[in-house]
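Okay, structure first, notes after.
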Amino acid sequence: MPVLSANSLCYTYGQGTPYEKHAVRGVSFAVEAGEIVGIIGHTGSGKSTLVQMLNGLLRPQSGTVLLNGEDIFADPKRMRACRFQVGLVFQYPEYQLFDETVEKDIGFGPRNMDLPEDEIARRVRRAAAVVGLPEELLAQSPFDLSGGEKRRAAIAGVLAMEPRVLILDEPTAGLDPRGRATILEMIRAYNRQSGAAVLFVSHNMEDVAALSHRVLVLDHGTRAFFDTPRAVFAQSEALAGMSLAVPAVTRILDGLAGQGIAVTPGLYTVEDAAAEILRLRKEGERPA
Ligand SMILES: Nc1ncnc2c1ncn2[C@@H]1O[C@H](COP(=O)(O)OP(=O)(O)OP(=O)(O)O)[C@@H](O)[C@H]1O
Ligand SMILES: [Mg+2]
């Protein structure tokens with residue numbers, strides 16, 4: 001059974017007003033435990049709206065969200081449990097830090113779960129370690145941290161709830177390459193250590209290619225694709241029609257294919273692309 005499934009979800013902002021906006025239109029997909037799913041789509045395609053329905057923050061006008069097979073909107077108790085089991089990290093989460101110390105900020109979620117103090121302390125330390133925040137920072141004010149550290153502290157606050165499904169809305173937006181790499185490694189580590197499912201929204205195709213087992217593509221609020229990165233990135237023309245790019249190495253191979261060279265479609269990692277180019281060279285491929 002999938003850990004989380006979305007069934008025909010629809011969400012309309014300002015329903016019944018002249019400003020009505022159909023943000024998500026009949027989206028279904030299911031995520032298995034331990035799986036990492038990248039969510040891509042042009043700006044305004046409904047990514048943030050969709051993920052906010054998955055932990056009950058937004059209530060769909062129609063459709064259901066099942067967590068371990070149970071409808072999260074069925075009753076308030078289940079909805080509360082869902083908030084703890086499906087952790088959502090917003091875009092630019094560092095703006096939501098507010099407490100006196102980093103330690104209290106990271107501990108805010110677990111404290112809401114009514115856990116004993118020693119368990120909260122243990123979780124705060126573990127989450128800080130996963131995101132690579134040194135212990136001596138825990139006693140400081142979150143406002144004294146660097147930008148990258150603030151982002152990591154905010155993510156640690158959600159990790160400390162030890163969610164079975166971790167959702168991040170553009171977790172690397174605005175970070176430099178090193179900050180980006182740290183966050184990606186952290187997502188991978190949490191996924192590996194906890195066996196939790198991870199969903200992350202991204203505009204960066206390299207990040208999506210590096211991390212995802214499957215990729216969900218949204219287009220104007222509908223599901224365009226939900227498949228392996230290889231199958232999705234083999235659709236570069238369809239993606240271009242949705243104003244989406246493919247990873248740079250895929251673009252290079254597509255360019256070769258455009259020259260009439262028999263390139264395997266949908267390769268998206270540097271390693272696979274290099275192997276493919278060597279293979280073509282060995283076989284003496286030349287433009288037709
Ligand atoms: N609070 C709101 N009120 C009215 N319309 C909204 C609201 N939030 C989002 N929308 C509209 O709903 C649609 C989907 O928005 P959403 O934020 O889910 O897209 P997104 O894919 O996350 O975009 P981005 O990549 O820019 O973050 C857009 O047309 C947006 O303008
Ligand atoms: Mg968004």
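Listed values, structure above:
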read-out	value
Residue with peak Gaussian network fluctuation, the chain [Cα springs, cutoff 10 Å], from Ser202, Ser45, Ser62	Ser62
Burial order of peptide ranges 136-149, 260-273 (average beta-carbon count within 10 Å, highest first)	260-273, 136-149
Gaussian network model of the chain, springs between alpha carbon atoms under 10 Å - residue of Gly258, Gly63, Gly16 with greatest fluctuation	Gly16
Ellipsoid semi-axes in whole angstrom, largest first, where each is sqrt(5λ) of the Cα gyration tensor of the chain	35, 25, 16
Helix axis angle, 248-258 relative to the chain longest principal axis, alpha carbon, degrees	20 degrees
Partners for Lys104 among lysines (Cα-Cα distance below 21 Å; same-chain residues under 8 apart left out)	Lys150
Extension gain, Gln140 back to Glu117 (0.36 nm per residue minus Cα-Cα distance, nm)	6.3 nm
Folded to 0 to 90 degrees: helix 270-282 orientation relative to the chain principal axis, Cα	10 degrees
FRET efficiency, 1/(1 + (r/R0)^6) with R0 45 Å, evaluated for His22 and Arg178 via beta carbons	0.70
Two-site FRET efficiency, Ser243 against Arg80, from Cβ-Cβ distance with R₀ of 41 Å, rounded to 0.05	0.60
Relative contact order computed over the chain (Cα-Cα under 8 Å; 6+ residues apart), in percent	22 percent
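Laboratory data are not the source of any read-out in this text; all were calculated from the coordinates shown. The shown structure was predicted, so the numbers you read here are calculated from the model rather than taken from an experiment. FYI the Cβ positions are ideal-geometry reconstructions off the backbone, even for glycines, and counts take in every protein chain you see.
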